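Structure, as structure tokens:
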Amino acid sequence: MNRIFLIPIITVSILTAGCANKVSEGSSENTATNAISDSPDKTAEVTVIRLEPTVFSHEIVSNGKASAREKVDVNFQTPGIISDIYVKNGQRVAKGQRIATLDTYKLENQLQKDRNAVASARLEMQDVLIGQGYDPEHPEQVPEEVMRLARLRSGLGQAELAFAASKRSLDEATLTAPVSGVVANLKLNAHNLSGSEPLCRIINDGWMDVEFSVIESELALLSIDDAVSVSPFSDPSNSTTGRITEINPMVDENGMVKVWASVEGGKDLLDGMNVRVRVKRKVDEALVVPKSAVVLRSGRQVVFTLQDSKAIWNYVATGLENLDQYTITEGLTAGDSVIVTGNLNLAHEAPVVLRVKNEGLRVKGEE
């Protein structure tokens, strides 16, 4: 009986061992296959440039606000009923152009009364002069003191002052543009009563002042008259140029410094608009590489150079930057052939081949 039970046990052990061997052999084959498939099957293609000292266009980007250099709130000097308004919001006006007028009936009536008062006072003064033996037709013959007393007694001086005030009030009933520009903040209509609030604002947007901030570490890179480019947030491609006019010599609690620039205005920049500001400054004799040439390895910046058909790993230190480029302060020298494309997955001393452009031409600087 013992022998009978041993036979099935031995058979099961043999089958189990055979299956284990097959599984082990299969795993070994899969591992070898994976190793082969992971190995590189072609040499990386790259493009290079020759590194030479060149002029670098340094760029600082900041957000700012545009403000019209000249803007004037206009209103009637004397409250009254508005008779006509000749402009509307957004309309461009020239200096001296009519904006609105008041109802002038009362003003014209007062002016006529004051004109009559002047005529009456002048007759009274003539009577005073005749009474003192002087001919009013020849005022040059009247002594100055006598003339002064005659004007006082007749009330001519006071009447002339009242007439001048009435005439000015009538003139001011027609509101004109003090500067050329565009009309804004017009809220009232004809037949409304003008009050203490301005009727509208005239904005001369021919030139705009742009206020923006830079961090204190960038202050040394700025100077008066540096070129700036300003564009609306709504249309970054539509930019206008100008110059830095002021730099505030103070750092605020956030480590920022206020800067002002003057730019040419027009229809694309509005008073109070949020804008993007780019400050551009030329830096001479710098080693400049495209940003595509700089990659990260173990948290450090690396640039690959081409030597004997191999990619050589170089740790670098970058300095200034703009939208597309870095300056290199350490790690490279003039004359190096810098790999600018095909470098994302390169290793040190990896074999590479220069990529040939259309028509058989190599990238500038390739050798």
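For the set GLU140, GLU145, solvent exposure ranked by accessible area (probe 1.4 Å, protein chains only) runs largest to smallest as GLU140, GLU145. Expressed as a whole percent, the accessible area of the range 97-170 that falls on carbon and sulfur atoms is 52 (1.4 Å probe).
In order along the range 101-107, the phi-based Karplus estimate (6.51 cos²θ - 1.76 cosθ + 1.60, θ = phi - 60°) of 3J(HN,Hα) comes to 9, 8, 5, 9, 4, 5, 5 Hz; Gly and Pro are listed as x. Over the Cα atoms of the range 79-220, each weighted equally, I'd like the Debye log10 I(q)/I(0) at q = 0.18, 0.19 Å⁻¹, rounded to two decimals. For the requested q values the scattering log ratios are -0.98, -1.04.
From the P(r) of the range 149-200, can you give the percent of Cα pairs sitting at distances over 16 Å?
Numbers: 834 of 1326 pairs.
Distances greater than 16 Å cover 63 percent of the Cα pairs.
Counting pairs of alpha carbon atoms under 8 Å apart in space and at least six apart in sequence, what relative contact order in percent does the range 102-234 give? Averaging sequence separation for qualifying contacts and normalising by length gives 23 percent for the range 102-234.
Taking amide H positions as modeled 1.01 Å from N, with prolines and chain starts lacking one, the residues under 5 Å from GLY319 and 5 or more places away or on another chain are THR327, ILE328, THR329. Label separation (LEU221 vs GLN91): 4.8 nm, computed from points 7 Å beyond Cα along the C-beta direction.
The distance linking the range 189-222 with the range 301-333 is 45 Å (Cα centroid to Cα centroid, whole angstrom). Once you divide the Cα radius of gyration of the range 208-367 by 2.2 N^0.38 Å, the number left is 1.36.
Stokes-Einstein diffusion of the range 134-285 at 20 °C, 1.002 mPa s viscosity, Kirkwood radius from Cα pairs, rounded to a whole number: 100 µm²/s. Summarising the amide proton neighbourhood of ASN75: residues at separation of 5 or more, or on other chains, whose placed amide H is nearer than 5 Å comprise LEU199. Per residue, the accessible area of the range 200-313 comes to 54 Å², computed with a 1.4 Å probe over protein heavy atoms only.
The heavy atoms of LYS280 present about 90 square angstrom of accessible area, all protein chains included, probe 1.4 Å.
The mean sequence distance of close C-alpha pairs (under 8 Å, at least 6 residues apart), as a share of the length of the range 217-332, puts its relative contact order at 19 percent. Shown here are the Rg and Dmax of the Cα trace of the range 192-243, at 17.7, 56 Å. Pairs from the table (LYS71/LYS167; LYS65/LYS258; LYS167/LYS187; LYS65/LYS291; LYS65/LYS88) lying more than 22 angstrom apart at Cα are LYS71/LYS167; LYS167/LYS187; LYS65/LYS291; LYS65/LYS88. Net charge dipole, the range 228-367: roughly 240 debye, given to the nearest 20, about the Cα centre with Cβ charges of +1 for Lys and Arg and -1 for Asp and Glu. Around the Cα centre of the range 36-145, unit charges on the Cβ atoms of Lys, Arg, Asp and Glu (plus for the first two, minus for the last two) sum to a dipole of about 700 debye.
Mind pulling up the Rg/Rh value for the range 106-163? Radius of gyration and Kirkwood radius, both on Cα.
Here the Rg-to-Rh quotient is 1.06.
The values are calculated or read from the model by the stated rules, or taken from the named source; none is laboratory data. Computed from a predicted structure; not experimentally measured. Neighbour counts are summed over all protein chains in view; Cβ atoms, including those assigned to glycine, are modelled from backbone coordinates with ideal geometry. Just the protein is used for accessible areas: all its heavy atoms, side chains included, with ligands, DNA and RNA removed. Shrake-Rupley method; radii C 1.70, N 1.55, O 1.52, S 1.80 Å.
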